[in-house]
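Bear in mind these aren't lab numbers, they're just calculated from the coordinates by the rules spelled out. The structure presented is a predicted model; accordingly, all values stated were derived computationally and were not measured. As a convention, Cβ positions derive from the backbone with ideal geometry for all residues, glycine included, and neighbour counts pool all protein chains shown.
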């Protein structure tokens, strides 16, 4: 332990503690722009500087460890003036068209300028650091707003491991951050996970806009516009309207549906039923591979970022991917080719399907040429939770004051009430329960996982959980993988051949979809705490508040098979529930 003094307050802290964390332990907040715990502790932005007695220069608090007897000043005149000067320099290279910025209301940089009362001569719609806009189907970049914090670079390099974004300082006077110079994101190795968007303190990186596309269709009298939010939306969207993180789904769901109705959507459903269809089709595929010497291990394919990563970087494993589409794509196809024609008397081309997702890569997914049936796109637009929230706010809808509303339409009545995918151990466990039911006549008991990489406290570094289950007398080695570093580690394990795996669930985002790139942005709360609270909201909904069903007992799923899909793996189900994947190319620098 070390005895130090912070702003004249005696403090005892563990050796090795940074000044930043020592100050946090006594409730003294030091501002940061580049800092991300354990990921980007580089002291580059110089916003967190403090005065240390005996040191000639100010030191960065985020990466300077305390020493016994250290005397620290966090708010001296010298410190405050240094921070203000740094902010002025950054502001003079930033384009302030805040009313058009996708991060309006969520910009850390803007909040910091207000906190320190920064004034400068060129406030207004200036050119910014660089006028270039780099486009992509999932995310885009406006370099005029970049403040060179390097957060996105660190996350892309160290967490996602796509290594697309880089800090470029060949011209020392005009450094910038970008993917490969001169290329759009789709031409690089970007997997559109949106992790960079979530950590960007300005509007530099943002999801590619689909709001205008959706609003145009809502005004078109010739289109039936159907909206389908993912389960995570119900558990999280309340955060955008002043509700606590982890607010139970039952307190939000009815208000969300009312808001969607007020926005003008013709039909409202969700993707629970299609999630159970995904499970049924995956179970059929896994049984076929196990019984007929198929390619193992089988990989889940609902995460669009993970699928793209494999197509770009490990094409030799494309055959391991399940051919089953992600739930919202399945449901989009069924809405257009089954539900709408049968129950609403509308042709597929008259229907416009909007998914609301916790993910930015779903925007990329719907543009894939494989994602269509009979020449009609499965899904026409994807809104992130942030985009939907802005649409609601622009309409002046006060979500917390809304009366609950539950959709009463043919689509709503066909929606599942308790998909098991968002709870417990996700898609893989739900699939294994169905496989066990088919082969053993009984659902699988609770699976006991052990962490073989990471822990619940370090989601940012990636997590691998493994288990062995017995089905029909066969021992199956399974794994659940979250995060880019964990994905690379799992590939190494498979490459080595030391252990035979049978089924693996992959998710690019650390912590899974509940921590996706389209989620509300949360400051000042550790990521693992946010993930746990959000997950609890879903767990409570599905384990306590709803009669949790197994996928093979979902009445709407059984009805869809009876009336349209015939059976898992049928020719019709392949047409609407399955797809193909192939090697993708990108340009290296």
### Summary
Placing each pseudo-label 7 Å from Cα in the direction of the beta carbon, residue 42 and residue 395 end up separated by a distance in nanometres of 4.2
### Message
Modelling each spin label as a point 7 Å along the Cα-to-Cβ direction, I'd like the residue 314/residue 523 distance in nm, to one decimal.
### Response
3.7
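Report the full-extension gain for the segment residue 288 to residue 92: residue separation times 0.36 nm, less the Cα-Cα distance, to one decimal in nm.
Using 0.36 nm per residue and subtracting the Cα-Cα distance, I get 64.4 nm.
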### segment 559-589 residues near the modelled residue 184 label - backbone nitrogen below 18 Å, point 7 Å along Cα→Cβ
584-588
### Query
Which FRET efficiency, nearest 0.05, do residue 406 and residue 559 yield, Cβ-Cβ r, R0 22 Å?
0.65
### Task
May I ask you to list the residues of segment 132-150 whose amide nitrogen lies under 20 Å from a point 7 Å from Cα along the Cα→beta-carbon direction of residue 367?
132-144
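Quick check: from the Cα gyration tensor, does segment 463-540 come out rounded (a/c under 1.5), prolate or oblate? Kindly include the intermediate steps, with their values, before the conclusion.
Details: a/c = 3.42, a/b = 1.79, b/c = 1.92.
The shape class here is oblate.
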#### Entry: Prolate/oblate/rounded label for the chain (Cα gyration tensor, a/c 1.5)
prolate
### Task
Could you tell me whether segment 2-88 comes out rounded, prolate or oblate from its Cα gyration tensor? Rule is a ≥ b ≥ c as square roots of the eigenvalues, rounded for a/c under 1.5, then prolate if a/b exceeds b/c, otherwise oblate.
oblate
### Task
Per DSSP H run of n ≥ 4, the term is -39500 (n - 2.57); total these for the chain, divide by its residue number, and report the mean residue ellipticity at 222 nm rounded to 500 deg cm²/dmol.
-8500 deg cm²/dmol
## Note on the structure
Nearest-0.05 FRET efficiency for residue 9 and residue 587 at R0 = 60 Å, using Cβ-Cβ distance, is 0.65
